[in-house]
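What follows draws every value from the coordinates through simple rules; no lab data is involved. Since the structure is predicted, the reported quantities are computational estimates derived from the model, not experimental observations. Note that each Cβ is placed from the backbone with ideal geometry, even for glycine, and that neighbours are counted across all protein chains shown.
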Amino acid sequence: MAYVPYYEYIVIGCGGVGSAAVYWLSKRAGKGVLGLEQFKLGHDNGGSQDHSRIIRLCYHDPRYTKIVRDTYKAWEEVERESGLQLVYKTGGLDFTLKGGPQEWLMEEYAKAMDAQNIPYERLDGPEIRRRFPQFEVGAETVGLYQADTGLVDAARGNSTHIQLALAHGATVMDECAVLGIDRMKSGMTMVRTSKGEFRCRRVVVTAGAWINHVLRSVGAHIPVAVTQEQVTYFATPHVKEFTKDRYPTWISHTPDYDFYGLPIHGNTGSKIGIDAGGPRVTPETRTYVPDPVREKACIDFLQKYVPRSLGPIMYSKTCLYTMTMDRHFVIDTLASKGWSDVIVCCGAGHAYKFASLLGKILSELAIDGRTQYPIAEFTMNRPAVTDPNFKPVFYMGKAKPPPAKL
């Protein structure tokens, strides 16, 4: 029988969370770590890409405000070790119409932050306009401002995780598709790939939209909706007004969409996107072609609220969201399926800000069998995962109760 190489830990999928898992595992297990990526490293096929993603302490749910401070600490450790800046604090603004159907969400944000003593300010429209004259809002607007909000450089974050992992002795193979996970006669776990077979003690699955492609080989399935999302960059002529020291990251909750925007970073364009507004696809059927309807919705929004950010469209770029039916993370083992040595993570379409922390959590689960962080509510044993009749809830701020638009 041919020799099958052995690693203590194998990570399947090296995007945002996966690259972080490889890094944090390598800090403790060194050469015992193997990262597998089906595409070339740095590819644009999944959800962990582009120049910037929002990172924030301002969250609407206590499941996340319990760990948001720790995600900044995880990124800070990566920055210290690499000498590279990955997180930029710009301040963050959440706003909506006063008395509108989304105003309840401002109170959810406030309650969740109050519970963790996260500081924030309540701003009315005139105060928003005074501080940030880029926004054309008035007395009809209410908002929350949190000073630690900013952006994390996604592409740089992924590559930094991988490069530091290599420095710690990890092996990373790209263009290496996983064909399945098997149990050997000895009881050891084996991962079959397009480049050969590998034995290991624990497997960490961070495969994004391909999560069920991997899990089906062990008889597991996590109900997810994969959607094609997009962002658009505008070549604003008012460049100086939209730099990171003048223009905050922001989220605006409207009856039709949740819009979000970021200052200039990585190119010279202001950035806007719509959260969870795209059509349902599969990794095989997504088109990479931006939707002109959502592109126009972004233009219309900016013309009304941030007109000086507009300019010629530089480009629109698509990505994939992989959302659980309740839009909450899954961080758990497959013990219920007889695979306690397989650990799975699904980021539910809003995980990049948490990527480094999630990688640390997964490394602790793999090495220690437990984690110091509160993840009990991200179990697979919940209705959104176990109940086939669970009604999807893909909103982050739509009217209450929110219908799924897929």
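Miscellaneous remarks
- Nearest-20 debye value, segment 271-406 charge dipole, Cβ charges on Lys, Arg, Asp, Glu: 620 debye
- Gained length - Ser217 relative to Arg80, 0.36 nm times residue gap less alpha-carbon distance: 45.4 nm
- Each Lys or Arg adds one and each Asp or Glu subtracts one; over the other residues with Cβ under 11 Å from the Cβ of Gln303, this totals +1.
- Between Asp174 and Glu136, the FRET efficiency from the beta-carbon distance, with R0 = 35 Å, is close to 0.15.
- In summary, the aspartates and glutamates within cross-link reach of Lys195, defined as a Cα separation below 15 angstrom excluding same-chain residues under 8 places away, comprise Glu37, Asp174, Glu175.
- Within the chain, helix-based [θ] at 222 nm, where runs of 4 or more DSSP H residues each add -39,500 (n - 2.57), nearest 500: -7500 deg cm²/dmol
- Cα→Cβ-extended label distance, 7 Å offset, between Asp61 and Arg183, nm: 3.2 nm
- Antiparallel %, DSSP beta bridges [both residues in the chain], to 5: 75 percent
- For the peptides 300-309, 181-190, 322-331, residues were scored by their other Cβ atoms within 10 Å and the scores averaged per peptide; the highest-first order is 322-331, 300-309, 181-190.
- Paramagnetic reach from Phe39 in segment 167-185 [backbone N under 15 Å; point 7 Å along Cα→Cβ]: 174-178
- Among the listed pairs Lys271/Lys353; Lys31/Lys73; Lys89/Lys271, those beyond 21 Å (Cα-Cα): Lys31/Lys73
- Sites Trp104 and Glu377 - FRET efficiency at Förster radius 22 Å, r taken between beta-carbons, to 0.05: 0.55
- With 0.36 nm allotted per residue and the present C-alpha distance subtracted, the Lys89-Tyr3 stretch has 26.0 nm of extension available.
- Expressed in Å, the radius of gyration and Dmax of the Cα atoms of segment 50-129 are 14.9, 47.
- Cα-based Rg and Dmax for segment 260-373, where Dmax is the largest Cα-Cα distance (Å): 18.7, 57
- Which of Pro101, Gly138, Pro119, positive extreme of dipole for segment 87-241 (C-beta unit charges): Pro119
- Dipole magnitude (debye, nearest 20) for segment 28-122, charges at Cβ of Lys, Arg, Asp, Glu: 260 debye
- Only one residue of Ala147, Phe198, Asn45 has its Cα farthest out toward the positive end of the dipole of the chain, where Lys and Arg carry +1 and Asp and Glu -1 on Cβ, and that residue is Phe198.
- Sum of side-chain charges, Thr371 neighbourhood, beta-carbon under 12 Å (Lys, Arg +1; Asp, Glu -1): -2
- Label-point separation in nm, Thr386 to Lys111, each point 7 Å along Cα→Cβ: 2.6 nm
- Between Asp300 and Lys73, the modelled label-to-label distance comes to 4.5 nm, taking each label 7 Å out from Cα in the direction of the beta carbon.
- Check: the chain dipole with +1 on Lys, Arg Cβ and -1 on Asp, Glu Cβ, in debye: 500 debye
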